[in-house]
1. Across the range 416-440, what is the total count of residues that are outside any loop (DSSP other than H, G, I, E, B), farther than 30 Å from LYS66 by Cα and open to solvent by 10 Å² or more (accessible area, probe 1.4 Å)?
2. For the range 419-440, give me the residue count where each residue is over 12 Å from the mean Cα position of the chain (by Cα) and either more than 21 Å from ALA253 (Cα to Cα) or among the acidic types (Asp, Glu) (or both).
3. Looking at the range 376-412 only, could you name the residues that are touching a Gly at 6+ places or on another chain (Cβ under 8 Å), hydroxyl-bearing (Ser, Thr, Tyr) and closer than 17 Å to THR194 by Cβ?
4. Given the structure, is TYR391 in contact (Cβ under 8 Å) with a residue 40 or more places away in the chain and not polar (S, T, N, Q)?
5. Can you tell me how many residues in the range 241-277 are of a type outside the set (Ser, Thr, Tyr) and more than 18 Å from ARG428 (Cα to Cα)?
6. Tell me whether the range 213-229 contains one or more residues that are open to solvent by less than 30 Å² (accessible area, probe 1.4 Å) and over 17 Å from TRP372 (Cβ atoms).
7. Just to be sure, is LEU403 among the aliphatic types (A, V, I, L, M), outside any loop (DSSP other than H, G, I, E, B) and either in contact with a Cys (Cβ under 8 Å, 6 or more places away or on another chain) or closer than 24 Å to ARG24 by Cβ (or both)?
8. So which of VAL61, VAL29, VAL49 ends up being open to solvent by less than 40 Å² (accessible area, probe 1.4 Å) and in contact with a Pro (Cβ under 8 Å, 6 or more places away or on another chain)?
Amino acid sequence: MDLHFGRALTRPEIESLLTEARARTELLVGPLDEQDLRVQHDSLMSPIVWDLGHIGHFEEVWLIEKLAGAGAEGEGLRGLYNPFEHPRSSRGTLPLPTLADCRDYLERVRGAVLAGLDGHLSNGASPLTRDGFVFRMVLQHEYQHNETILQTLQLKRGTPYRAPRAAEPPQPDGGAPEPGSMVRFPGGRVEIGTDDRSAAYDNERPRHPVELAPFWIDVHPVTNGEYRSFLEDGGYEAQSLWSQKGWAWKQEAELTAPRYWASTPDGWTERFMDRTVPLDPWRPVCHVCYWEAEAYARWAGKRLPSEPEWEAAASWDPERREKRVYPWGQEPATVRSANLDQLRFETTRVGSFPAGVSPVGCWDMLGNVWEWTSTDFSGYPGYETFPYKEYSEAFFGDEYKVLRGGSWATRYGAIRNTFRNWDYPIRRQIFSGIRCARDD
């Protein structure tokens, strides 16, 4: 649903958006039984019932406790659902609620939120409620946990997750450039980031000028076919293609292919939840870590783009000297513009969304797969923490690399050209891929 960036939200809009967000969460967990929800499927991820309780607790803290100044009903849950107090690897040992208790808690929180909504909306001068920021923050938090839950479900133990698919993949546009094609960005002064305070997180602000040298960037994300060529050319055995840290991790983790590829007598396959299919050379490669992306780029005679280069290629119109909110313009995403919003439950072939092309001619800048950049996660010049440092500031430093663009598992309301994701360079459970660049 459209979050109507840049303005305050009405009560009917807030209620509708909150209801729709919860309906999507329920849709995703609907096929799961109690055991699936409570077990820790992988040490990288939380038990899903923890995610559900955390969604409710975050809503309670920000839309009841922070806005009304009242003690939260879930005060005793603060420690249980504090992600800094309990890292993901330890959450399987916590005294987690049953699904019934968790749903009851979510319903009580939502009832209290709606009961106090009119009073909160009358306080438009508050930095939290001005332009509807806190409501969009809570919505985006639930959207982001939807994607986290889907990462867990891809890792699911036992019977594969029965994905409730509700959207078919589009047919590729016959006029799309071939995989491996590149376009030139002319460089110059561009605007990076945003000054929006209705939806953007603090790490996206402020909007600021950056001077870029001319560069070339891939029209499409790197495809399975391109990556298979790297693999079959000995890319995983050629130490010269890997950085020192990357090679050490490759050896330790025994990486030989993207996470959900499998070699069979009939060729490579790829798995999407409960569906294993022959490797489609036209789909973007998915579930590769930063070190794999870096090695591939070096093998291809290219490099990974910097974060400002990526954002410029996605958002900047060099002829008009204008910045777009989305690659295609100012209007929110639809089923025609990008492979977003989860319900396909898989990547789509490159060249499938001609309505989503960026000003310089890049396809799939939003959706399909997150794309690694070469940039460490840090604050922009003039960065100010708001409303809490644990969202962004606590992660600044050279441990994390920035990813851009969202994936098929990203909800419409949780992505835009300025949105910044970040993770450790070793991570492969995320729906991550590659887009390369090279110097002019």
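The values are calculated or read from the model by the stated rules, or taken from the named source; none is laboratory data. The shown structure was predicted, so the numbers you read here are calculated from the model rather than taken from an experiment. All Cβ positions, even for glycine, are placed from backbone atoms using ideal geometry, and neighbour counts span all protein chains on display. Only protein heavy atoms, including side chains, enter the accessible area calculation; ligands, DNA and RNA are left aside. Shrake-Rupley method; radii C 1.70, N 1.55, O 1.52, S 1.80 Å.
1. Of the residues in the range 416-440, 2 are outside any loop (DSSP other than H, G, I, E, B), farther than 30 Å from LYS66 by Cα and open to solvent by 10 Å² or more (accessible area, probe 1.4 Å).
2. Adding up the residues that qualify gives 6.
3. SER378, TYR380, SER392
4. Taking the combined requirement at face value, the residue satisfies it.
5. 9
6. Checked against the condition, which is being open to solvent by less than 30 Å² (accessible area, probe 1.4 Å) and over 17 Å from TRP372 (Cβ atoms), the range 213-229 yields at least one hit.
7. Taking the combined requirement at face value, the residue satisfies it.
8. Only one candidate qualifies: VAL49.
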